[in-house]
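Visitor: What follows is a single structure, and I will ask about it in a moment.
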Amino acid sequence: MLVPSQPWLSPGDTAWQLTAATLVGLMSIPGLAVLYSGLMKKKWSVNSMMMTFYAFAVVLVVWCFWGYSMGFGSPLKLGPGILSGIVGIPRAILTPLSEQGQAYVPLIAAGVPALKFPGSAMILFQFVFAAITPCLLAGAVFGRMSFKAWALFVPLWATFVYAVNAFMIWGGGWLAQLGAVDYSGGYVIHVAAAVSGFVAAAVIGPRLRKDRDDNRPSNLSMAMVGAGILWLGWNGFNGGDPYFANQNAGLAVLNTNLAAATAMLVWLLADVLKTGKPQLVGSINGMIAGLVAITPAAGYVNGFGAFFIGIAAGFIPWLTLTYLGPVLNRKVDDTLGVLHTHGVAGAVGGLMTGLLADGNVVQYFGTGKASNVSVTGLFYGHPAQFVHQLVALLVIIAWDGLATFLILKLVAVVTPLRLSDHQLETGDLAIHGEVGTSDEAEPEADAGTAVPVYAAQAAMRGARAD
């Protein structure tokens, strides 16, 4: 039986929102899973994919039963002032939605027309963002975190960290009321994953020394496939966040690709100037840093802003990785360098939004009447925006770091956070009873580095960090 669309529903907006959600979902499964498998040693190929696969599935259950309403529902009254702008009331969203499809779908700013797609599309779209965040976080703890501990950690983290971040900035919470913005997750997703991953890496402890010394990627062809899925999937990541198939969606997608390309080229040039060699891993790092940095700004800046953000994203994380990374890595083993390519890049993009946001670029079209929702940065006459962005960054860092530490300590009461020595030596076969390839022989370590694989071109040139 064919059911016609309701009069309020826009087929175009609905189709784009579902398409964008699918593109973002592909970034996790198989994008990140394939990227991780190619960048990790062969003995960790299955484990890295399985941690990603599990996180994607369990977050969907959390999201449907209480996570979405905590991030985007009615505020939970915890007290006066700020305390009422921290998180939404937890409730399941599995019952039929309202006639106009607006149940649990808030307006994102004053003056924005009612959304033209059903609430189910909104819930799905926001889910894929919630799911990819712990998948990114996992990159910091590969090679030693117990899968049992991970299985408990992810739903707790999605509940008490991600949902709180989402509500404070996207769900109308106190950071949104302050004036902070995050177009598509530079703070809520990337800084959050980096901070929480770094804390988790510090609490759990480092990998085996020989795994840190010889951390060469197992399959760069697979890594390149995963990186390509990430790049093109990001069209949905940023392009879906206007919530309309309009000109702002087109601008966000164009800005996303321009920043990614610029950052990749800057990182590649820096590699060549330092090492004399154009390196694939470095190019992937630069691309990811550019995508991350433009994420909080994609629909708020013009093309020049996207270009400058790309330059900063290609150079600043490269500097922190190349010179600060080896120093930090002696203390905290961030396996895939999430702190640099996601944390530093996300912070750069969020702060540069406060500088470069152009109040003339955002327009939403509802019933035929345009409504401007402007975000204007310091360089366009609104210096307070940079202050708002800085405050939001500091709040996300503080809350995520503290909450992650407490969640890990709670999980440790139930099960060890770290794999046994035997499992660390053997890898996938001991943990999952499976191997990624039929030939599981690992070469002896002959030249290594303590710099993370995901973020480390140094590993490719055989340089020691010590």
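Visitor: Between Leu319 and Lys148, what is the label-point separation in nm under the 7 Å Cα-to-beta-carbon projection?
Guide: With each label placed 7 Å out from Cα toward Cβ, I get 4.6 nm.
Visitor: May I pose another question? What is the distance in Å between the Cα centres of the range 5-58 and the range 197-265?
Guide: Value for the Cα centre distance between the two parts: 12 Å.
Visitor: If you don't mind, another one. Tell me the net charge near Val203. Cut-off is 12 Å between Cβ atoms, Val203 excluded, with +1 for each Lys or Arg and -1 for each Asp or Glu.
Guide: Numbers: positive: Arg144, Lys409, Arg418; negative: Asp333.
Charge balance in the 12 Å sphere: +2.
Visitor: Cα axis of helix 384-414 to longest principal axis of the chain: angle in degrees, 0 to 90, nearest 10?
Guide: So the inclination is approximately 50 degrees.
Visitor: Okay, next question. Amide H of Arg418 versus every other amide H placed in the peptide plane: which residues, excluding those fewer than 5 positions away on the same chain, fall under 5 Å?
Guide: HN-HN under 5 Å from Arg418: Ser146.
Visitor: Please give the length that would be gained between Arg209 and Ala398 if that part of the chain were fully extended, namely 0.36 nm times their separation in residues minus their C-alpha to C-alpha distance (nm, one decimal). Numbers along the way, then the final one.
Guide: Working: separation 189, 0.36 × 189 = 68.04 nm, distance 3.04 nm.
In short, 65.0 nm is gained.
Visitor: Testing the spin-label approximation: label points 7 Å from Cα along Cα→Cβ at Phe304 and Phe405. State their distance in nm.
Guide: Simple spin-label model gives 4.4 nm for this pair.
Visitor: Further question on the same structure: Can you tally the net charge around Thr415? Count Lys and Arg as +1, Asp and Glu as -1, for every other residue whose Cβ sits under 13 Å from the Cβ of Thr415.
Guide: Taking every Cβ under 13 Å from that of Thr415, the sum is +3.
Visitor: What dipole magnitude, in Debye to the nearest 20, does the chain give about its Cα centre under +1 on Lys/Arg Cβ and -1 on Asp/Glu Cβ?
Guide: That gives a dipole near 480 debye.
Visitor: Determine, from the Cβ-Cβ distance of Leu220 and Thr19 and an R0 of 25 Å, the FRET efficiency 1/(1 + (r/R0)^6), rounded to the nearest 0.05.
Guide: After rounding, the FRET efficiency stands at 0.25.
Visitor: Taking 30 Å as R0, compute the FRET efficiency from the Cβ-Cβ separation of Ser5 and Ser74 and round it to 0.05.
Guide: It comes to 0.60.
Visitor: Amide H neighbours of Met40 under 5 Å, at least 5 residues apart or on other chains, H built in the peptide plane: list them.
Guide: So Met40 has HN proximity to Ser218.
Visitor: Any idea what angle helix 280-294 forms with the longest principal axis of the chain, computed on alpha-carbon atoms, 0 to 90 degrees, nearest 10?
Guide: Roughly 20 degrees, rounded to the nearest 10.
Visitor: Let me ask something else about it. So what J values fall out for the range 155-166 if you push phi through Karplus, 6.51 cos²θ - 1.76 cosθ + 1.60 with θ = phi - 60°, rounded to Hz, Gly and Pro as x?
Guide: The phi angles translate into x, 5, 5, 4, 7, 9, 10, 4, 4, 5, 4, 4 Hz.
Visitor: Among Gly401, Ala57, Ile229, which residue has its Cα furthest toward the positive end of the charge dipole of the chain, with +1 on Lys/Arg Cβ and -1 on Asp/Glu Cβ?
Guide: Going by the Cα projections, it comes out as Gly401.
Visitor: Between 0 and 90 degrees, rounded to the nearest ten: what's the tilt of helix 220-239 against the longest Cα principal axis of the chain?
Guide: In the chain, helix 220-239 runs at an angle near 10 degrees to the longest axis.
Visitor: If you don't mind, there's one more thing I want to ask. Taking 0.36 nm per residue of sequence separation and subtracting the Cα-Cα distance, how much length would be gained by fully extending the chain between Ala384 and Asn360, in nm to one decimal?
Guide: This chain segment gains 6.9 nm when fully extended.
Visitor: If I take every Cα pair under 8 Å that is 6 or more residues apart in the chain, average their sequence separation and divide by the length, what percent do I get for the relative contact order?
Guide: Numbers: 998 pairs, mean separation 103.8, N = 466.
Reported relative contact order: 22 percent.
Visitor: Want the number for Val435 to Val272: 0.36 nm per residue separation, take away the alpha-carbon distance, what's left?
Guide: 55.1 nm
Visitor: Further question: At 1.306 mPa s and 10 °C, plugging the Kirkwood radius over alpha-carbon pairs of the chain into Stokes-Einstein gives what diffusion coefficient in µm²/s?
Guide: Reported coefficient: 72 µm²/s.
Visitor: So for the chain, taking the charge dipole from beta-carbon charges (+1 Lys/Arg, -1 Asp/Glu), which of Thr262, Val391, Thr426 sits furthest toward the positive end?
Guide: Val391
Visitor: What distance in nm lies between label points placed 7 Å from Cα along the C-beta direction at Thr426 and Leu232?
Guide: With each label placed 7 Å out from Cα toward Cβ, I get 4.0 nm.
A short reminder: the numbers here are calculations on the coordinates, not readings from a lab. Remember, predicted model here, so these are calculated numbers, not experimental data. Neighbour counts are summed over all protein chains in view; Cβ atoms, including those assigned to glycine, are modelled from backbone coordinates with ideal geometry.
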